[in-house]
Amino acid sequence: MRRTSIIAIDGPAASGKSSTAQMVAEKLDYLHVDSGSLYRAATAAILRAQPNPDEWTERSVLDAARGVELRAARTSFYPVLDNRAIEEEIRGADVTRNVSRVAQMPRVREWVNAKVRDAAASSNVVVDGRDMGTVVFPEADLKIFLVADSRERAARRLRQRGTPTSEKLLDDETLRIIERDARDARQTVPAADAAIIDTTSLTQREQVERIVNLWIEQSG
Ligand code: DC
């Protein structure tokens, strides 16, 4: 029988899942698992082995991903490739452009799900992704689905990058987010028992408080 607690936070690109999940984990003294980071790590691995995405097959991606491991740090799990941290590489434009293709591969999805389940077997976790509350942990103790207006998500992305912005950049980023939503739509569906939180006009702190309060209400 499972003895650890699982909070699953899902939602579309740039809905603030990962930073929110990280902060909720820190408040509760749980570990954060970002399932997207594993899709990204597999993409970084195959990009090193084969720079032309048209040549990628499920088999070659899984082979390349053999060097990927999920390690536990103080507040989160993080992926390493061939024993080295790859945080910067997995957030780069090349990986971001190609990761949806890798995330469409059913056996890669099984590979990610097994790694995330392993992490949750040994620690209390806050997991974030697209299908944590539906496919990976249908039995999660709390399920959250974050949504936010696409333009607001684009504005957050640009603020995160910290580069000067303009209406044109905001339009372009909004379009990119809408395109990513369409590519990831199949796996980005709220669980029937998820609490849906619209974060468009919430601060990061308010989002975190809402989730922690839901958790306290439910477990008290
Ligand atoms: O959340 P993110 O941008 O880091 O996700 C990277 C990619 O992985 C994105 O294309 C969606 C996909 N993904 C997924 O299909 N299922 C998950 N549980 C997490 C991410």
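The values are calculated or read from the model by the stated rules, or taken from the named source; none is laboratory data. Keep in mind that this is a model prediction, so the values were computed, not measured. Cβ placement follows ideal geometry from the backbone for every residue including glycine, while neighbour counts extend to all protein chains displayed. Protein only, heavy atoms only, side chains kept; ligands, DNA and RNA dropped before computing areas. Shrake-Rupley method; radii C 1.70, N 1.55, O 1.52, S 1.80 Å.
Things to note:
- Considering residues of the range 12-34 that are within 10 Å of the chain's Cα centre (by Cα) and closer than 12 Å to residue 125 by Cα only, the residue most open to solvent (accessible area, probe 1.4 Å): 34
- For the range 1-11, a tally of residues being away from the ligand (no atom under 16 Å from the Cβ) and either open to solvent by less than 10 Å² (accessible area, probe 1.4 Å) or in contact (Cβ under 8 Å) with a residue 60 or more places away in the chain (or both) returns 3.
- Taking the range 61-137 as the region of interest, the strands (runs of 3 or more DSSP E) fully inside it that hold 2 or more residues being within 27 Å of residue 157 (Cα to Cα) and touching a residue at least 60 places away in the same chain (Cβ under 8 Å) are 125-129.
- Breaking point among (1) in contact with an Asp or Glu (Cβ under 7 Å, 6 or more places away or on another chain); (2) more than 26 Å from residue 15 (Cβ to Cβ); (3) of a type outside the set (S, T, N, Q); (4) within 16 Å of the ligand (Cβ to nearest atom), for residue 58: (1)
- Hey, residue 173 crowded, with 17+ Cβ neighbours inside 10 Å, more than 17 Å from the chain's Cα centre (by Cα) and more than 13 Å from the ligand (Cβ to nearest atom) or not: yes
- Qualifying residue in the range 181-195 (condition: away from the ligand (no atom under 15 Å from the Cβ), assigned to a helix (DSSP H, G or I) and either surrounded by 20 or more Cβ atoms within 10 Å (Cβ to Cβ) or not charged (D, E, K, R) (or both)): no
- Residue selected from the range 12-54 under the condition part of a loop (DSSP other than H, G, I, E, B) and more than 14 Å from the ligand (Cβ to nearest atom), by the criterion farthest from residue 111 (Cα to Cα): 29
- Looking across the range 58-88, the residues that are open to solvent by 70 Å² or more (accessible area, probe 1.4 Å) and farther than 13 Å from residue 119 by Cβ come down to 59, 66, 74, 82, 83, 84, 85, 87, 88.
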